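Everything on this sheet refers to the single structure shown next.
The values are calculated or read from the model by the stated rules, or taken from the named source; none is laboratory data. Predicted, not measured: the structure shown is a model, and the values here were computed from it. Cβ atoms come from the backbone with ideal geometry, glycine included; neighbour counts cover every protein chain shown.
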Amino acid sequence: MTNVRELYVCSICGNVVEVVNPGAPALVCCNQPMEKLEAGVKDASLEKHVPIIETVSGGIKVKVGSVAHPMEEKHFIRFIEVLTKNQVLRAELAPNDTPEALFMVNAAEVIEVREFCTIHGLWKAPQ
C-alpha cells in the first residue's frame, strides 16, 4: 500500500511520482511496477548529496552537499523538498542553477528535508 509523500520511480522511463492519495496496492508505469525510492543519508561518492540546512532570517536555506553538487545537463538536482506536518514545499531546479533553495518556514516545523538527483536518486538530511 502506498502512503502520502512516498516517491516512486519507473526503472524504464525514469518518471518520478509523489503519492498524494494513499492506499494504492502498487503504482505502475510503462507496464511495470514502479520502485519506491528510499533516501540515502550518508555521502560516499565525490558528488555530495546530503542536504545541509541553515537557519536564515525568516526561514531556512537548503544546500545540496558539503561541496556544491554538479548541475550539468544530464546530472543535476531536480528538486529540493521541505516537509512539515501540513505542507510539502518544493523548489524545482534545472541544469546550471545553484543547488540550493530558500524556504520561508519555521525550522521547528520541519519534519524532513530531501532532494532528488537525476543520477543518484533520493537523499535526505539526517534527523
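Here are a few things to note about the model shown:
- Residue in segment 1-23 that is nearest to the chain's Cα centre (by Cα), counting only those that are surrounded by 11 or more Cβ atoms within 10 Å (Cβ to Cβ) and more than 18 Å from G121 (Cα to Cα): V4
- The residues of segment 3-21 that are part of a loop (DSSP other than H, G, I, E, B) and touching a strand residue (DSSP E or B) at 6+ places or on another chain (Cβ under 8 Å), listed by number, are R5, E6, C10, S11, I12, C13, N15, V19.
- Selection of first residues in segment 79-100 that are closer than 19 Å to A39 by Cβ and of second residues that are surrounded by fewer than 16 Cβ atoms within 10 Å (Cβ to Cβ) and at pLDDT below 95, restricted to Cβ pairs under 6 Å at least 6 apart or on distinct chains, gives the following pairs, ordered by first then second residue: P99/A68.
- Any hit, segment 43-63, residues being in a loop (DSSP other than H, G, I, E, B), within 16 Å of the chain's Cα centre (by Cα) and exposed (fewer than 15 other Cβ atoms within 10 Å of the Cβ): no
- Selection of segment 1-29 for residues being closer than 19 Å to G40 by Cα and hydroxyl-bearing (S, T, Y) yields Y8, S11.
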